[in-house]
Amino acid sequence: MIPLIQAAIVAVFLGTWQMLSPALGLQFFFATPLAVFQSLWALMKSGLLFYHAGITSLEAVAGFLLGGTLGMGIGILLGRHQLLAKVLAPFLTAIYSLPKAALAPLFILWFGIGIDMKIFLAGSIVFFLVFLNTFHGVREVSHEQIAILRLMKANERHLLTKVIIPSAIVWVFAGLRLSVPYALIGAILGEIIAANRGLGFLISSAAGRFDTAGTFAALIAIMFLALVLNRAITFAEGRLMPWRAAEEGREVPI
Amino acid sequence: MPGPTAPPSRKSSEALPLIEFRNVGKTFARGALEAVRDVNLSVAPGEFLTLVGPSGCGKSTLLNMTAGLFLPTTGEVRYAGAVVADINVRVGYMTQVDHLLPWRTLAGNIAVPLEIAGRPKREIAAEVERLMTLVGLTGFGASYPSQLSGGMRKRAALARLFAYDPETLLMDEPFAALDAQMRLVLQVELKRLCRLLGKTVLFVTHDVDEAVALGDRCIVFTSRPGRVRQAITVDLPGDRDLRVLRYDPAYLAQCGALWRLLTPPVEPAVAPQGRRE
Ligand SMILES: Nc1ncnc2c1ncn2[C@@H]1O[C@H](COP(=O)(O)OP(=O)(O)OP(=O)(O)O)[C@@H](O)[C@H]1O
Ligand SMILES: [Mg+2]
């Protein structure tokens, strides 16, 4: 039922677009779905789409992994060391409040206009989102569970692997999920600013040629990429947190 | 002392106490709530102590201090001669709330202490299987705590306690959520294990019969702030058979005595008109 309604919405939207755009003489600004589809098809047939999408995915995923790993590691570290967290808090806030896009020129200076610059740009955005979530998650860990394990002679490593990480992982994933679009922003922004490949480059070059249909085609490819990344996260969540599935599948008592 | 004959003094009174409460008092919430006051108590090694008293009188608080989770406000708790100032890893604690790890299966939860002890994987699996059989949870190893009943979770917590081998067991109403048969099975097993391995036990219960059936000594607390009201030495053999205890007149007499001690005075209840301003 729901997919049916969703399909109907898409059909109505595309139909209206297809009719209104030429009728109002706005083809230059909005193209038509048919033209967008043709453009997309041409890009796919020539293999260009997969080439550019591959580059962007590589940047986004690498930035995601880099930022995610560092964010998680430092989040756990600071979550466990109150003093260190207090000392570093003002510095982290300062860097956090910096718009990461403003870092792009500096990163170009440091790393050039290759792939690594986009990875670091994406990574720097993802880092903070995952770090903040992980930090919060680690602080939320149940003191009782920690105490129970310490009574069993657990050392810090045991506490980390058996209580802190499993308990914080829900938060880590919240941060990761939030980061998906930002990783893409980092990668694509970097490509728009300086690159000769990637979906961001595809967008800016199509727009530069006043090719509206081509621009929309690249946007659709980006949306699709975001969907795939989200799916991957959901899959990893199911794998790493099987108990959540068990909790969701259960009838709710009071 | 209940009954006319004072029981023969046990080895406990001569040996050095393993756990000692010295003028222990605990006040929570910055002086607003006094949980226990002036508790003095010595527990001998190998002794099975049952603690009874009204709800909120500070029984769990005493166990928490013995485990070193927090310090008393006044006085001190000593364990094996030393003041308990930090987490006391020589005790195992089965808390009133089970605190199982929700991200681990039942088997995984029971395995925690074994993993910490660094036992090999295969050994752990076999031991977990044995413990699950012991507490009647065979076949539920792959379930998560959220999928189990309250009594099953309690039994899992008990299995986890048995999985490691602490010198002293602190048990806070461990059998409260169980059916009578399962409770008897576990009582028998607990008593057997403790005698066999010479465990010292502090066992909190609201069940008067259980307090007598299991304890070498039964400590009765006043209502809050909890103080030791009376320490009753249970005059039953250490190797008593719990399954036939209910037919034992000596046991029944002791239960009766404890019941009388705990039953509130009746006058206010039968004199509703005697309202005083
Ligand atoms: N961590 C705490 N912080 C503040 N107050 C507490 C805390 N723990 C216990 N108390 C208070 O101390 C008193 C004694 O609590 P405790 O849990 O020891 O009672 P109990 O004898 O175990 O009761 P029950 O038989 O109902 O389990 C209670 O009034 C409780 O509100
Ligand atoms: Mg209690």
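Of everything listed in (1) open to solvent by 60 Å² or more (accessible area, probe 1.4 Å); (2) away from ligand 2 (no atom under 16 Å from the Cβ), the single unmet condition for B:SER149 is (1). What do you reckon, is B:ILE219 within 16 Å of ligand 1 (Cβ to nearest atom), outside any loop (DSSP other than H, G, I, E, B) and in contact with a strand residue (DSSP E or B) (Cβ under 8 Å, 6 or more places away or on another chain)? Yes. Just a yes or no: is a residue in region A:40-60 open to solvent by less than 80 Å² (accessible area, probe 1.4 Å), more than 30 Å from A:ARG157 (Cα to Cα) and outside any helix (DSSP H, G or I)? Among the residues of region A:40-60, at least one is open to solvent by less than 80 Å² (accessible area, probe 1.4 Å), more than 30 Å from A:ARG157 (Cα to Cα) and outside any helix (DSSP H, G or I), which makes the answer yes. Just one of the numbered conditions (1) touching a strand residue (DSSP E or B) at 6+ places or on another chain (Cβ under 9 Å); (2) away from ligand 1 (no atom under 16 Å from the Cβ); (3) open to solvent by 50 Å² or more (accessible area, probe 1.4 Å) is not true of B:ALA82: (1).
When A:PHE37, A:PHE50 are screened for being among the aromatic types (Phe, Trp, Tyr) and closer than 29 Å to A:ARG177 by Cβ, only A:PHE50 passes.
Only a single item in (1) of a type in the set (Val, Ile, Thr); (2) outside any loop (DSSP other than H, G, I, E, B); (3) open to solvent by 20 Å² or more (accessible area, probe 1.4 Å); (4) within 14 Å of chain B (Cβ to nearest Cβ) is not met by A:VAL228, and it is number (4). For region B:88-120, the candidate set comprises residues that are surrounded by fewer than 17 Cβ atoms within 10 Å (Cβ to Cβ) and out of contact with any Asp or Glu (no Cβ under 9 Å at 6 or more places or on another chain); within that set, the residue that is farthest from the other protein chains (Cβ to nearest Cβ) is B:PRO120. Being within 13 Å of ligand 2 (Cβ to nearest atom) and farther than 25 Å from A:SER142 by Cα narrows it down to one of B:GLY75, B:GLY53, B:GLY81, B:GLY25, so name that one. Criteria check complete, one pass: B:GLY53.
When A:GLY200, A:GLY208 are checked against the criterion of being within 22 Å of A:GLY47 (Cβ to Cβ), open to solvent by less than 20 Å² (accessible area, probe 1.4 Å) and small (Gly, Ala, Ser), A:GLY200 stands alone in meeting it. Criterion applied to B:THR205, B:THR200 was being within 16 Å of ligand 1 (Cβ to nearest atom), open to solvent by less than 50 Å² (accessible area, probe 1.4 Å) and not assigned by TED's automatic domain parsing to the domain that holds B:LEU106, and the one residue passing it is B:THR205.
The set of residues from region B:77-87 being away from chain A (no Cβ under 13 Å), closer than 12 Å to B:PHE21 by Cα and assigned to a loop (DSSP other than H, G, I, E, B) comprises B:ALA80, B:GLY81.
Residues are listed down the side, and each one gets a yes or a no for (1) assigned to a strand (DSSP E or B); (2) over 17 Å from B:PRO166 (Cβ atoms); (3) out of contact with any Gly (no Cβ under 8 Å at 6 or more places or on another chain); (4) modelled with pLDDT of 85 or more:
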| position | (1), (2), (3), (4) |
| --- | --- |
| B:PRO4 | no, yes, yes, no |
| B:VAL39 | yes, yes, no, yes |
| B:LEU51 | yes, yes, yes, yes |
| B:ASN64 | no, no, yes, yes |
| B:GLY75 | yes, yes, no, yes |
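For region B:155-183, a residue qualifies if it is within 16 Å of ligand 2 (Cβ to nearest atom), open to solvent by 30 Å² or more (accessible area, probe 1.4 Å) and assigned to a helix (DSSP H, G or I), but none of them does.
Annotation note: Cβ proximity below 7 Å between a residue of region B:50-64 that is of a type outside the set (Val, Ile, Thr) and a residue that is part of a helix (DSSP H, G or I) and near ligand 1 (Cβ under 7 Å from one of its atoms) (sequence gap 6+ or interchain) occurs for B:LEU51/B:LYS59; B:GLY53/B:LYS59. Residues that are of a type in the set (A, V, I, L, M) number at least 2 in the following helices (runs of 4 or more DSSP H) confined to region A:132-211: A:143-151, A:165-193, A:199-208.
Summed over region B:121-143, residues that are among the β-branched types (Val, Ile, Thr) and open to solvent by less than 60 Å² (accessible area, probe 1.4 Å) total 3.
Against the criterion of being assigned to a loop (DSSP other than H, G, I, E, B) and within 16 Å of ligand 1 (Cβ to nearest atom), B:ARG104 does not qualify. Summed over region A:104-140, residues that are crowded, with 19+ Cβ neighbours inside 10 Å and either closer than 30 Å to B:ASN109 by Cα or without any contact (Cβ under 8 Å) to a residue 40 or more places away in the chain (or both) total 7.
With respect to being more than 14 Å from ligand 1 (Cβ to nearest atom), aliphatic (A, V, I, L, M) and open to solvent by less than 60 Å² (accessible area, probe 1.4 Å), B:LEU63 falls outside the description.
The values are calculated or read from the model by the stated rules, or taken from the named source; none is laboratory data. The structure presented is a predicted model; accordingly, all values stated were derived computationally and were not measured. Every residue, glycine among them, receives a Cβ derived from its backbone with ideal geometry; neighbour counts consider all protein chains shown. Note: accessible area is taken over every heavy atom of the protein model, side chains too, but ligands, DNA and RNA are not part of it. Shrake-Rupley method; radii C 1.70, N 1.55, O 1.52, S 1.80 Å.
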